Amino acid sequence: MKRYVSLISIALLATVSSAMAQEKIKIGSALALTGGLADEGIKQAVAQRMWVRRVNEAGGIQVGDKKLPVELVEYDYQSDGNRAAQITEKLINVDKVSFLLAPYGSGHTKITATVAERYQVPIISCVASSESVFNTGNKYLFGTLASLNSLTDAMAHLFQSKMPNTKRLAILARDDVFPKSVADEAAKSAKALGIDVVYFELYATGTMDQTSALSAMKASKPDWILGTGYNQDLILLRKQMSDIGLTAPIVSMVIGPAVRDFIDGVGPSLAENVTAVTWWHQSQKFTGIGPWRTSADFYNDFKKENKAEPDFVNAACAAAPIAYQAAIEQTKSLDRNKVRDALSHLDIQTFYGRIKFGQNGMNEARDMPILQVQDNEVKVLYPPAVANAELRRVDH
Amino acid sequence: MNTIQLIINGLGTGAFYASIAVGFSLVWGVLNVINMVHGSLVVLGAFLGFFFWKITGLNPVFSVPFVAVSTFLIGATLQSVFINKVVSAPVLTTLTLTFGLDLILYNVMTVYFTASIRRVTTSYGNIDLGSAVVPIDRLYVAIFALLITGILYLVLRMTSIGRAIVAVRMDKTAAALMGIWVKSVYAITFGIGAMMAGVAGAVSTLIYPVTTGLSGAFLLKAFIVCVIGGLGSIPGALFGGLLLGVIESFAGYAIGPQNSLTLALAIMLFVLLVKPTGLMGVKGFD
């Protein structure tokens, strides 16, 4: 008899704990809060936490007939890909999260998405834009950034139409998934328009001296210089270009001027007239579902709370969980496979723009803003609907 | 190929590498401690130099006395409180301890100074030599790096504390028998190592961004320079630093920047194989 009582108690406990587990929606996130990607990882964390606060202030996410609050379970993976994979396993197996948000960048997204696929847990990336990451057949991976090729095509077209003498492109890219993909796509976009790629080199992560590569680039006499990498690399690159007296009519840093830290880091003089392309800018006027109805709502809320302007990382990472929100509300369930299926058919409008995942899980292509720093302010050159400046030459 | 420009680039960077390596080499040579916290101490010096510039508007070079005293005290305290407890243990123990200290210092800096990348946005222009240009801020850094390396060399050669450090490095038992208080020498040596890192960091703000993200790169450069130049030898660190700078400069031009670090590591391995003491190393430190 005692044995039966024990078994019934255990069964009851299991039922109660299972019911309690459903009292909130757990979303796991491995974040680069320290290490080489800390600057970018913290931006991601700030946006995700803000989304959680706003959703919970409104009572949570509607799951069927009740609203459940959201708990974001996050750990710092110290910008180390292997650690990101371990943490993802922990989030799934120990913390029992229902869904995942991917870490910063294409490389680390790829690593964690592999783990998520093994356990059939949906994972949304807000800052991975290399198609190679999404073209692996992983059915559980989705991303809010659009593909890179539309990004570089728009740049090449705009520059050649505004400065028809743009004939020679020089590229120096960090040997890492995202920067290398930008470089490859830019080379393709340029060649398609008859622009010669006169210099193309990669630099290793942690490179501290770019002057020799820039000396070689200088000898190639480019009309358009494209540097890719993360903020720390690009600040170093722009400074060392100036050190050796290298310039060109067009200097692009991806994603450099799209984040304020780049402009502050290089200083107003060296940032002047540097161009970039990005996925979101506050000048765009989108309206949609989620905690922020319009782009302006998000911009104002973010600025009020963080005393800083949001950039595309903040916006994309605040928008990614809105996709979960919509998918959960549609399916009225926290079932991972049902939510995954809903994500694959999702088509929503948000403050960040349209979110409609393509066959490979990436957000579908759209017009992305091309920016230029003019008089220490970020101006939009493209698309025409939101453009507020004309392309200027770099003069030093 | 613009050879003069590449040599100028390489020597400028190399002089800076030498200045971050001398402190690392001194600590490794005297205490037999591979100081994993060295890169973060360079970054700490950079932050102090940056905030000095931000507050006063003066060239970060003027922050050197303040940074030197601060980082010396931090280094001497770290040695006395933590490292001294295990200084006689096998090198793996001290390596693990300094690795832990590095994680703490790194994360404290990330939390208090934030992960945002900063830069001293002054520019002093270039000297145009016709076929090559010499950036004046790089020239400042190179001259200052050579200066502090030279001062350390003279201190070790010509002062009583310097002679005590050299004596402990050569034979700590004999030094103790001669009346040298070895523990104090250890603390002072670690303090000097930290001071050299901090000062190099403060001056580096003229040419590099200020971010904790660079601490690993600084540590790696110091390590490579020490192995190539030789442990326990200040001329060795100087030679190793300049050599590494010039190799990276030519390699970056000829075989691409993504391969220059690989080449530097290959040269380090080659030196380890053919001359384990380093090119100008002192016998007994292989």
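Rule-based calculations on the coordinates, nothing more; no lab input. These numbers come from a predicted model, not from an experiment. Quick reminder, even Gly has a Cβ in these numbers, built from the backbone with ideal geometry, and neighbours come from all protein chains shown.
Considering only DSSP beta bridges whose two residues both sit in the protein assembly as shown, what percent are antiparallel, to the nearest 5? The partial results should precede the final answer.
On the way: 20 of 56 bridges.
Of all bridge pairs located within the protein assembly as shown, approximately 35 percent are antiparallel.
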Most packed first (mean Cβ within 10 Å per residue), the peptides B:15-21, B:102-108, A:177-183 order as B:15-21, A:177-183, B:102-108
Computed, not fitted: 222 nm per-residue ellipticity of chain A from DSSP H runs ≥ 4 (each -39500 (n - 2.57)), nearest 500, equal to -14500 deg cm²/dmol
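Averaged across B:9-20, how many Cβ atoms of other chains sit within 10 Å of each residue's Cβ atom?
Values: counts 9, 3, 0, 3, 4, 1, 0, 2, 2, 0, 0, 0.
Mean number of neighbouring Cβ atoms from other chains: 2.
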In whole angstrom, the spacing between the Cα centers of region B:136-152 and region A:236-263 equals 27 Å
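State the antiparallel share, in %, of DSSP beta bridges confined to chain A, rounding to the nearest 5.
Working: 16 of 52 bridges.
Antiparallel bridges make up about 30 percent of those DSSP assigns within chain A.
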Within region A:241-275, the residues whose backbone N lies under 19 Å from a label point placed 7 Å from the Cα of A:A219 along the Cα-to-Cβ direction are A:241-248
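When the helices in chain B are scored as -39500 (n - 2.57) per DSSP H run of 4 or longer and the sum is shared across all residues, what 222 nm value do you end up with, to the nearest 500 deg cm²/dmol? Don't skip to the answer; put the middle values down first.
Numbers: 11 runs with 206 residues, N = 286.
So the helix-based figure for chain B works out to -24500 deg cm²/dmol.
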By the rule of another cysteine's Cβ lying under 4.7 Å, the cysteines of the protein assembly as shown that fail to get a partner are B:C226
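Most exposed first by the Cβ proxy, i.e. fewest other Cβ within 10 Å, how do A:E57, A:E117 rank?
Working: A:E57 10, A:E117 17.
If I rank by nearby Cβ atoms, fewest first, I get A:E57, A:E117.
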Taking Cα atoms, the helix A:81-93 axis meets the longest principal axis of chain A at an angle in degrees (rounded to 10) of 20 degrees
One finds, for A:K96 and A:N300 with R0 = 35 angstrom and r their Cβ-Cβ distance, a FRET efficiency to the nearest 0.05 of 0.45
For peptide A:87-94, the mean count of other chain Cβ atoms within 10 Å per residue Cβ is 0
Cβ density ranking, 10 Å radius, fewest first, applied to A:T247, A:T350 yields A:T247, A:T350
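Please compute one quarter of the surface area of the Cα convex hull for chain B and express it in square nanometres.
Numbers: hull surface 60.0 nm².
Result: 15.0 nm².
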Applying the gyration tensor rule to the Cα atoms of the protein assembly as shown (axes a ≥ b ≥ c; rounded if a/c under 1.5, else prolate if a/b exceeds b/c, else oblate), the class is oblate
